[in-house]
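The values are calculated or read from the model by the stated rules, or taken from the named source; none is laboratory data. All values derive from a computational prediction rather than experimental measurement. Please note: Cβ atoms are built from the backbone with ideal geometry, for glycine as well, and neighbour counts cover all protein chains shown. Calculation scope for accessible area: heavy atoms of the full protein, side chains included, ligands and nucleic acids excluded. Shrake-Rupley method; radii C 1.70, N 1.55, O 1.52, S 1.80 Å.
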Amino acid sequence: MNIYFGLQTATQQFADVNLWLLMPELIVASAGVLVMLVDAFTKRLDQRWLTGGISLIGLVAAAVSCVWLWTSWTGPTEAFFGMIVLDRLRLSFTLVFLVVSALSVLLSMIWVEWERLPAGEFHALLLFATAGMMLMASGGDLVMIFLGLELLSISTYVMAGFRRTDVRSNEASMKYFILGSFSSAFLLYGTALVYGATAMANGTPGTTNIREIAQRLDTALYPPLLFAGAAMLLIGFGFKVATAPFHVWTPDVYEGAPTPVTAFMAAGPKAAGFASFMRVFLFGFPFVVAAGTAQRLHSAWIAVLVVLAVITMTVGNTAAILQSNVKRMLAYSSIAHAGYVLVGLVAAGAASDLGQRNEAIAAVVFYLLVYSIMTLGAFAVVTILARSGDRRTEIEDYNGIGFDSPWLAFAFSVSLLSLLGVPLTAGFMGKVMVFSAALDQGYVGLVVVAVLNTVVSAYYYLRLIVVMFFRERSGAWNAPLVPASMAIALALTVVGIFYLGIFPGRVIEVFQASPSVISRLLGT
Amino acid sequence: MLDFINQHILSIIIFAPLVGAAINWLIGRRLRSEAFIGTVACTAVGISTVFAFIAAFRPETGALRAEAPILEHLWTWIEVGTFRADFALAMDRLSGIYALFITGVGLLIHIFATGYMHGDGGFYRFFSYMNLFMFMMLVLVLGDNLLLMFVGWEGVGLCSYLLIGYYLDRDEARVAAKKAFVANRVGDWGVILGVMLIFFLTGSISFFDKPDLPSALRIIGEMPIEPFAWSALFAGGITSAAILLFIGATGKSAQIPLYVWLPDAMAGPTPVSALIHAATMVTAGVYMIVRCSPIYAHAPTAMFIVAVIGAVTALFAATIGLAQNDIKKVLAYSTISQIGYMMLACGVGAFVAAIFHVMTHAFFKALLFLGSGSVIHAMHHEQDMRRMGGLRKYMPITFATMITGWLAICGIPIFAGFFSKDEILWKTWSTEAFAIPHGASRALWTIGAITALLTAVYMTRLMVMTFWGEERFREAHAHDAEAKPHAAVHASAGSHAHGEHAGAHHHHGPVTPHESPPVMTIPLVVLAVLSTFGGLVGVPYALSGGAIPNYFEKTLEPIVAHAPTHEEAANIEKRIAQTVARRGAEAPAAQPAAHETKHETAEHAAHSPEEVRSERIFSAISVIVALVGIGIGWSVFSKRPLLQMPRLLENKYYVDEIYDATIVRPIVRGATEGLWKLFDLGVIDGTLHAIASGVSSIGSLARRLQPGFVRTYAAIMLVGALILIGYFAYYGVLLLIRQ
């Protein structure tokens, strides 16, 4: 097992190359390149099956390698001088990303044909974005995380504007690009400040390695710089995961971007943002007992996150009530959900006990998995109903379709109920996990606010169901055909929602447990 | 194959009816072939029956032979923290006996129903529900923990609801189904709270000891006995748990105060009444109490309440039964009364006698119900006994079988009911249980004896009105107006007195009754045989003199708890006092007390000559009571079968009206006036509207913040960022100053 691709032994100091640890990322990126090449050399006609198929195979292979790393890897858990790390946080997030991407591929396979768009390019971009997300989760260094984020962002900027002839799509892409660059600047500047602040008195330069940052906090030469750097990092990640007040780009971009892209953006990049967010803040600025800079910094970011969580949930839910456009409504809903995840993040950050922290992290990952699945399910239905050009996305367009397209309406209702958090659905278990983690840390007030927000959210989620089933249809409407790939995606999301809602134990255990337990579960 | 069957025998027993239900629901409804549906349903139950017998009697490991129960772990159902509920089955001696008569009687009733339901439009629906009921009932008795039992408990409630309301087009069926459901919900509330409390007390809900799961019942069995005091009811201990479970039992087993649903439940088809509302489901409460007998043995207050409620219910229902004219209503009240006996037996600590009576009652009450079904069938769905009479000529087989049922329920020797009822009465008189104060046992016995007398009277009235005397069915219509003004006055009572089909009133002209087809009479004959000889498995020592061993008691005695006697309770108290005195406040001597109990059980089994003598005397008294009752019934009703009974009894003491006025209507009023108009419209809607208007004003603000211009967004983000950075920097500078 200990065969490395690269050089080892004496020269390790100079080349800590270990491609095994990068396996999932490499597979996905290679698949992306392969898709581009195939795209260049095949006729357009059957492209989508080919490129979609290659993408799916690549994603599955990456998942297999990920499981392999998790269960059987006994080698070092760091490579490239700490740039890449291998731990539970990374692997569980990687699995979430792969699920999101696979569902997105299924969603977009027919859609690209409807829209007469180049399938190969789209799938390649999707895979590159996925690779970026995975690097964001696996990076053990601020620089690596930034690179992953840029890889992801650039791909998604293009995807958001993928319907070139559509003004809304272009506008969304442009806005996303400008505001995204703005936030990237914050992230980069934050990285630089932290680097500068962690320089040591003996002349050792600063560091961008997260583990080392954590060790140097108390000896930081310039605490104000460190604090400002942490604030900027928080702003950068806050933009990516769309916490208020850095959420303002979300509604416009989600509404304007093609629906499958919106689905992907609402699920994947948000989860990736949280992966890095957690990596940097939980491991870089961790809880410490001894009074000092580290302790102050920790209490500062926790306090800020509590406030941000409250604002984010409240803004998301109240604004969602007012929307007349389904995509926009779901955009605000995704903001609200970021708020719920922040509750879990606060719990993980505040946990002084390692076991509790791991539980809280598992709760957050579980929540993001659940959220991704139900959001993708909802957007899948929106994609189907919107038809080409995203023409029907107003709530009125959903009037009375429930009995004409019972299966679609059922799938949509299940997703919405899960987003609301009705028992037996995955959303409920997710909320229970995250909120109980926060309760364990004593954040009663925060959880009360979160639960009240859930109650408010019932209004707009249930309204869509009411509209579908209890209103007269307005305007002509014929039931859309549901292509096979879409049907599979929908079936997977519905089954996933119920499976995770009724038998969450297995998955949570996987996210929580140490690798040896995983291997026992999988029988290897 | 054989191995597979051996290992999964209990699963086969419970799942066969479920498969049958599924087949009938999915395929039967398309085929609409009565032969197919009937065959599937009966085969499914037949499979259960065969395997239940195998599981109970197979050599060495049979549930009724071996000491250890048959355990079958299917999967771990819920595991949260220390709470664990398995989907696991267990057949010990108690559940073995239950499974045997449930499947056996169930099979006979299924066969009967294929004839009874012939020509009904919902044939497949009926048999799907019936099979589903069998599945649920078997889950109830074979579940190896309280929660799985509760699943079955709820499941049979659901099936009962579906089958009472089976005649969808009839209003009273719908109302009766709802009533049954609601009354049972009240009881279920007690059960679920009781289960929670048991888990709270013991940390387990399992009935049996399993490798990594202790038995809740054993843990309670090792706890000290609670004092006999009313305060124990609310102490949250064993007594509270026992009484909560008993609340559930009063719902399911139709005891005071929740019995009101059972008479109305007769709106369902007669085989349903026989299976669910006489033989099986309604005795689930008795099953639960006997299953949890260690809990009751440790809760004397609860036992006393069970005994009193049982005795009072028995008498109360018997008096109402005297005055009913609907043949099924008489049987329904009789059922309530008989279950009262079983509860009485549980309350005085005679758990074995209770189960014995459950079994014999299942035989003879199923027989009586099916017999009445046969009569109703013959009379073209006429249920009013005032329009029957003289049927014995026309229906000889039904008549003959009903005779055995009648003698059995009256308690004539040899017939099944005699042994069980006699045993209950004797155990009531002679009980030494700590829970029953000395005087109380005499009073309870007196109530029981009066009930026995009344039982004989009303059953004789039923037989006389139905099978003897003049044939009143021919002039039924002529009579309608003047002979029974009463029925006309009570229009509601009249409408539910009639038959199985809407508008039965109109098309039963003068009819000539006819004997039912063999599919209906054969089950009757089998049940008649069981009602006649079924009691011989439990002949008490005093009557047989040891010639016939009391199989029943020998089988069940080891697995039910022994209720502590006065003497033992006193000893235990003394010992606790001594222990406390000796080593301070710690450790009451629970362990030795449990040992003592077991030890004395063995002694208890010995029969002293005086005891035998008095038991014989009491048996003689029972027989005399029964004969007197029959005599009274015969002499009064053979001459005047239409004798007007007291209005108070005929109207069931106006309990329904009282409940309606004191509970139902206030709730309805409170719900409409208070909850709906005040709370729903006022508070909730008011709040919502306020929120909505508040939200829209926020919304206009939000829209101003969300105009779609990138520059605005950037500005908002920048302001947010500055605030954040400022906050962090402030923290950092503060730190710098401190340093």
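Structure values in brief
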item: Charge-dipole axis of segment A:14-522 as Lys and Arg at +1 and Asp and Glu at -1 on Cβ define it, positive-most pick from A:169, A:233, A:34; result: A:169
item: Segment A:270-406 - percent of accessible surface contributed by carbon and sulfur, probe 1.4 Å; result: 58
item: Peptides B:664-670, B:105-111 ordered by average Cβ neighbours within 10 Å, highest first; result: B:105-111, B:664-670
item: Kirkwood-based shape ratio for segment B:8-136, expressed as Rg/Rh from alpha carbons; result: 1.06
item: Length released on extending from residue B:642 to residue B:683, taking residue separation times 0.36 nm less the Cα-Cα span; result: 9.0 nm
item: Gap separating the Cα centres of segment B:186-248 and segment A:218-289, nearest whole Å; result: 52
item: Helix runs (DSSP H) in chain B reaching 24 Å along axis by Cα, Kyte-Doolittle at least -1.0; result: B:34-57, B:93-116, B:123-142, B:146-164, B:171-202, B:300-322, B:327-347, B:351-378, B:438-467, B:609-637, B:686-705, B:710-738
item: Angle between chain A longest axis and helix A:88-114 axis [Cα atoms, degrees, rounded to 10]; result: 30
item: Debye, to nearest 20: dipole size of segment B:135-236, +1 on Lys, Arg Cβ, -1 on Asp, Glu Cβ; result: 260
item: FRET efficiency estimate (nearest 0.05) - Cβ-Cβ, residue B:715 to residue A:448, R0 30 angstrom; result: 0.40
item: Cut-off under 5 Å, modelled amide H: who pairs with residue B:469 long-range; result: B:390
item: Range in chain B, longest, excluding exposed GluC sites (Glu not before Pro) [loop by DSSP; at most 12 other beta-carbon atoms within 10 Å]; result: B:68-469
item: Mean accessible surface per residue for chain A, computed with a 1.4 Å probe while every protein chain stays in place, in Å²; result: 35
item: At least 10 Å² of accessible area lost relative to the chain alone, listed for segment A:232-256 with a 1.4 Å probe; result: A:232, A:234, A:235, A:239, A:245, A:246, A:248, A:252
item: Model label zone, residue A:42; criterion: amide N under 18 Å from point 7 Å along Cα-to-beta-carbon; scope segment A:116-131; result: A:116-128
item: Surface share of carbon and sulfur [accessible, 1.4 angstrom probe, percent] for chain B; result: 69
item: Accessible surface of segment A:113-207 [probe 1.4 Å, protein heavy atoms]: carbon and sulfur percent; result: 69
item: Inter-chain shielding of A:183-189 (mean C-beta neighbours from other protein chains, 10 Å cut-off); result: 1
item: Rg(Cα)/(2.2 N^0.38 Å) for chain A, N = residue count; result: 0.94
item: Magnitude of the charge dipole, chain B, Cβ model with Lys/Arg +1 and Asp/Glu -1, debye to 20; result: 1300
item: Estimated Rh, chain B: Kirkwood, alpha-carbon pairs, angstrom; result: 27.9
item: Percent of Cα pairs exceeding the 43 Å cut-off, where the set is the protein assembly as shown; result: 55
item: Peptides B:435-442, A:490-497 ordered by average Cβ neighbours within 10 Å, highest first; result: A:490-497, B:435-442
item: Rough spin-label spacing in nm, given labels placed 7 Å along Cα→Cβ, for residue B:657 and residue B:74; result: 4.8
item: Mean residue ellipticity (222 nm) of chain A, computed from DSSP H runs ≥ 4 via -39,500 (n - 2.57), nearest 500; result: -24500 deg cm²/dmol
item: Chymotrypsin sites (Phe, Trp or Tyr not before Pro) within segment A:382-427: DSSP coil, no more than 10 neighbouring Cβ in 10 Å; result: A:403
item: Amide H contacts under 5 Å for residue A:84, placed H, 5+ residues apart; result: A:79, A:140
item: Virtual spin-label span in nm between residue B:218 and residue B:673, 7 Å along Cα→Cβ; result: 5.7
item: Heavy-atom accessible area, 1.4 Å probe, ligands and nucleic acids excluded: residues of segment A:279-300 down by at least 30 Å² from chain alone; result: A:296, A:300
item: Net dipole in debye of segment A:14-522 [+1 Lys, Arg Cβ; -1 Asp, Glu Cβ; about Cα centre; nearest 20]; result: 420
item: Charge dipole (the protein assembly as shown, unit charges on Cβ, about Cα centre) - positive-most of B:445, B:194, A:383; result: A:383
item: Members of segment B:671-695 that become less accessible by 50 Å² or more once partner protein chains are added (1.4 angstrom probe, chain alone as reference); result: B:695
item: Top positive-direction residue, dipole computed over the protein assembly as shown with Cβ charges, set B:257, B:724, B:5; result: B:724
item: Estimated FRET transfer efficiency (residue A:424, residue B:573; beta-carbon r; R0 51 Å; 0.05); result: 0.55
item: Loss of accessible area when A meets B, both sides summed, Å² nearest 100, probe 1.4 Å; result: 2800
item: Per residue accessible area of chain B, 1.4 Å probe, in Å²; result: 39
